[in-house]
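Here is the structure we will look at, set down as structure tokens.
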Amino acid sequence: MAQSSDLAAVVLQALSASTDSCIEDTWEFAISGGHDHAALVGALMSLQADAMTASEVRQASFWELTAEGKEVAAYGSPEYQVWKAVPAGDAGISKADLEAQLGAPLVKIGMGACMKVGWLKKGPQGALVKGSDDVRDTTQDKLRALEAAGGALESLSAEDAKELKRRKMVTQIMRKSFKVRAEFRNVLMQMGFEEMPTNRWVESSFWNFDALFQPQSHPARDAHDTFFVKDPAQAVSVPADYLKVVQEMHENGGSGSIGYRYKWKREEAMKNLLRTHTTAISSQMLYKLANQEGGFQPKRYFSIDRVFRNESMDATHLCEFHQVEGLVADRNLSLGDLIGTIKFFFERIGITQVRFKPAYNPYTEPSMEIFGYHPDLKRWTEIGNSGMFRPEMLRPMGLPEDVRVIAWGLSLERPTMIKYRISNIRELFGHKADLGRTKRAPICRFDI
Ligand code: PHE
């Protein structure tokens, strides 16, 4: 039997080969690939633990062959076995000899049935003789056909079902299988995105805001929106030369921009905070990309991690949530590339209808909110935010002039709430969340 890791590879392979990143039914998938279903489900569970896949339970009724049914499928029905054991010709065989050959229980069941349909008859001195030289074991045929059809309910007529059930050769069972879908991480990896190292929650205002050309007076930088860190309150260091160029861009502009024309303060930029978005990581990765040995190389990055906002909490907002962020840095990218990439990405996670609406972000131009159509709710819901990073952000980093960066971000929780019809986010995340529910639930799946 295949190892769990091999089966995990089989699942991922199948997901990436299918146009909608989906395996409709693990049972059928296991049968057609010759895999053991239980082992396949085991591999699936470990993929889910890594947020590579998400699944949905499917339950359906099927026919299953009993041990008796399986015997018959393999060796023939009792009546057929009895008929076969009777030699051709008028001499026949005595019941005692037949029992010695096949065992009394089989003869008991098979003989009566043979007599009823005329396959055997009583000969001289009570011997059993063949009533027909050529018979067809339709019971075996039906069971074999049922096996080949994977036990599909419709593959047995009502009459046959009744008969085979009466003979205890089949039983009806509820079968549990899964519909599997590739999750964000898997989809992004398939699309050639590399995961960014996001294992830090404390950031400087510099990387979270200033590097993104977000002015120091921007309301998001207020303590009402951002959690500032008291101890240590100040970041230790940021690249000194780069800091100067960022300051110049804020104060006086450059690369065709007139800047914000205000007095930029280093102390403000050095304030530590709990990152408000994973774009704080994207800015550092882009800076590295611009300054790496050998110069800029086109790249696709993504991250999935926690962010914090000092928002008043209500049923749909918490102070912390998880963001999925993606970016592509390459020469001469256009808005068409952004729209195409986002459409492709959402399609792969099951959202086939997306729309864009012009929006504003300090660090992107143009900026677009992303809306997805929810077929259940029959309405368009906001699912993310996106844009092309501004030259005022990219040029100070030292990225070549023709390099464009398209990017988007979205919250992981929102679609999950919609999907599981959770009306209060506290049921999903935080100390009030019911762990039992978390353990029972399949990993969240984005399929609005
Ligand atoms: N940082 C934005 C947010 O927190 C998302 C975003 C990322 C928008 C990248 C544009 C580009 O909502």
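Can you give me the number of residues within the range 355-366 that are in a strand (DSSP E or B), surrounded by fewer than 19 Cβ atoms within 10 Å (Cβ to Cβ) and either within 14 Å of the ligand (Cβ to nearest atom) or aliphatic (A, V, I, L, M) (or both)?
Matching residues across the range 355-366 total 7.
Which condition does L188 not pass, out of (1) open to solvent by less than 50 Å² (accessible area, probe 1.4 Å); (2) in a strand (DSSP E or B), if it passes all the others?
In the conditions (1) open to solvent by less than 50 Å² (accessible area, probe 1.4 Å); (2) in a strand (DSSP E or B), L188 misses (2) alone.
Look at I351 and say whether it is more than 12 Å from the ligand (Cβ to nearest atom), under 23 Å from the mean Cα position of the chain (by Cα) and over 21 Å from R404 (Cα atoms).
Yes.
Within the range 370-390, identify whether any single residue is assigned by TED's automatic domain parsing to the domain that holds G259, touching a helix residue (DSSP H, G or I) at 6+ places or on another chain (Cβ under 6 Å) and more than 10 Å from the ligand (Cβ to nearest atom), and answer yes or no.
There is no residue in the range 370-390 that is assigned by TED's automatic domain parsing to the domain that holds G259, touching a helix residue (DSSP H, G or I) at 6+ places or on another chain (Cβ under 6 Å) and more than 10 Å from the ligand (Cβ to nearest atom).
Results for (1) of a type in the set (D, E, K, R); (2) away from the ligand (no atom under 16 Å from the Cβ); (3) open to solvent by 50 Å² or more (accessible area, probe 1.4 Å); (4) assigned to a strand (DSSP E or B), shown as yes or no for each residue.
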{"residue": "H277", "(1), (2), (3), (4)": "no, no, no, no"}
{"residue": "M285", "(1), (2), (3), (4)": "no, no, no, no"}
{"residue": "L289", "(1), (2), (3), (4)": "no, no, no, no"}
{"residue": "Y301", "(1), (2), (3), (4)": "no, no, no, yes"}
{"residue": "E311", "(1), (2), (3), (4)": "yes, no, yes, no"}
{"residue": "A329", "(1), (2), (3), (4)": "no, no, no, yes"}
{"residue": "T341", "(1), (2), (3), (4)": "no, no, no, no"}
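Go through (1) open to solvent by less than 60 Å² (accessible area, probe 1.4 Å); (2) farther than 26 Å from T66 by Cβ for K122 and report which single condition fails.
Here K122 meets the rest and fails (1).
Output the qualifying pairs, or none if there are none: Cβ atoms under 8 angstrom, residues six or more apart or on different chains, first residue in the range 11-39 and on the phi > 0 side of the Ramachandran plot and assigned to a loop (DSSP other than H, G, I, E, B), second residue crowded, with 17+ Cβ neighbours inside 10 Å and not charged (D, E, K, R).
S21/L15; S21/A182; S21/N186; S21/V187; S21/I349; S21/G350
Kindly list, by first and then second residue, each pair from a residue in the range 158-171 that is touching a residue at least 24 places away in the same chain (Cβ under 8 Å) and loosely packed, with under 15 Cβ neighbours inside 10 Å to a residue that is part of a loop (DSSP other than H, G, I, E, B) and β-branched (V, I, T), limited to pairs with Cβ atoms under 9 Å and residues at least 6 apart or on different chains.
Matching pairs, first to second residue: K168/T66; T171/T66.
Given the conditions (1) free of Cβ contacts under 8 Å to residues at least 40 places away in the same chain; (2) buried (at least 16 other Cβ atoms within 10 Å of the Cβ); (3) over 20 Å from S282 (Cβ atoms), and given that V238 satisfies all but one, which numbered condition is not satisfied?
Condition (3) is where V238 drops out.
Which ones in the range 92-105 are out of contact with any strand residue (DSSP E or B) (no Cβ under 7 Å at 6 or more places or on another chain) and open to solvent by 40 Å² or more (accessible area, probe 1.4 Å)?
If the condition is that a residue be out of contact with any strand residue (DSSP E or B) (no Cβ under 7 Å at 6 or more places or on another chain) and open to solvent by 40 Å² or more (accessible area, probe 1.4 Å), then S94, A96, D97, E99, A100, Q101, L102, A104, P105 are the ones that fit.
The values are calculated or read from the model by the stated rules, or taken from the named source; none is laboratory data. Everything quoted here is computed from the prediction, not taken from an experiment. Cβ: placed from backbone, ideal geometry, glycine included. Neighbour counts: every protein chain shown. Quick note on the areas: whole protein, heavy atoms, side chains included, nothing else; ligands and nucleic acids left out. Shrake-Rupley method; radii C 1.70, N 1.55, O 1.52, S 1.80 Å.
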